[in-house]
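See structure below.
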Amino acid sequence: MKHMRLFSMQSTSTVSRPLAVLRSGSTGNDVRLLQQRLNIIRTIPGLTGLAALTVDGNFGPRTAAGVRRFQTLFNLTVDGIVGPQTWSVLFRESLPGAFSETANFRPFRVEFAPGATSGIVATSSVRGDFEVYVVNAKAGQIVRLNITSPEDNAVIDSIVTANNQELIPGIDDILRFPLTGDHLIVVGKTRGNATYQLEILIR
């Protein structure tokens with residue numbers, strides 16, 4: 001896991017919700033994220049039968065076929081529905097780096113209060129779980145993070161841009177998004193279970 005120097009900041013409360021359960025006919029930002037991640041999966045050597053998807057936020061026949069093919073490739077229940085298990089494997093297989101096949105990913109979409117540019121996410125997590133926080137930001141915006149845990153064992157594992165590149169700190173550890181889209185903040189544990197607060201500032 002990667003440890004990076006973080007920032008203290010004044011934050012406001014925010015909304016963090018699990019990614020939606022998706023099926024044929026679903027629309028919206030979570031469908032766009034699904035299409036984006038499936039397009040990344042299809043570039044993995046050795047995987048076949050996944051067609052390129054238009055990232056338009058509409059869960060139509062091509063997206064449904066892509067979900068079913070993905071579920072087949074990774075030995076999931078082939079029902080065309082994107083629930084917690086399919087989301088978890090989708091992130092496990094599409095994020096940069098290598099993760100254990102038993103690793104569980106819990107994805108959430110972060111939405112700041114109206115007019116706010118920062119917020120706090122508070123949660124508890126068990127060993128072996130990773131939380132993936134989806135934040136939408138524009139090209140050129142910077143992100144600053146601060147994580148606190150009473151057990152001192154929750155860490156920022158990685159920050160991944162919309163084109164699946166890990167964001168590397170620049171001068172003074174400023175992290176700047178290179179493109180507009182949904183970016184990912186991945187939180188892991190160094191040992192045992194954890195409760196933590198994650199402060200996020202985007203501006």
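Some notes on this structure:
- Across all directions, the shadow cast by the convex hull of the chain built on its C-alpha atoms averages 11.2 square nanometres.
- Column: log10 I(q)/I(0), Debye, Cα scatterers of segment 29-82, q = 0.25, 0.28, 0.31 Å⁻¹: -0.98, -1.20, -1.37
- Whether segment 51-129 is rounded, prolate or oblate, judged on the alpha carbon gyration tensor where a/c under 1.5 counts as rounded: oblate
- Here the Karplus relation 6.51 cos²θ - 1.76 cosθ + 1.60, evaluated at θ = phi - 60°, turns the backbone of segment 133-146 into coupling constants of 9, 8, 10, 9, 8, 9, 4, x, 6, 9, 10, 10, 10, 9 Hz, with x for every Gly and Pro.
- Segment 89-203 - convex hull of the alpha-carbon atoms, volume per residue in Å³: 103 Å³
A short reminder: the numbers here are calculations on the coordinates, not readings from a lab. A quick note: this is a predicted structure, and the numbers were derived from the prediction, not measured.
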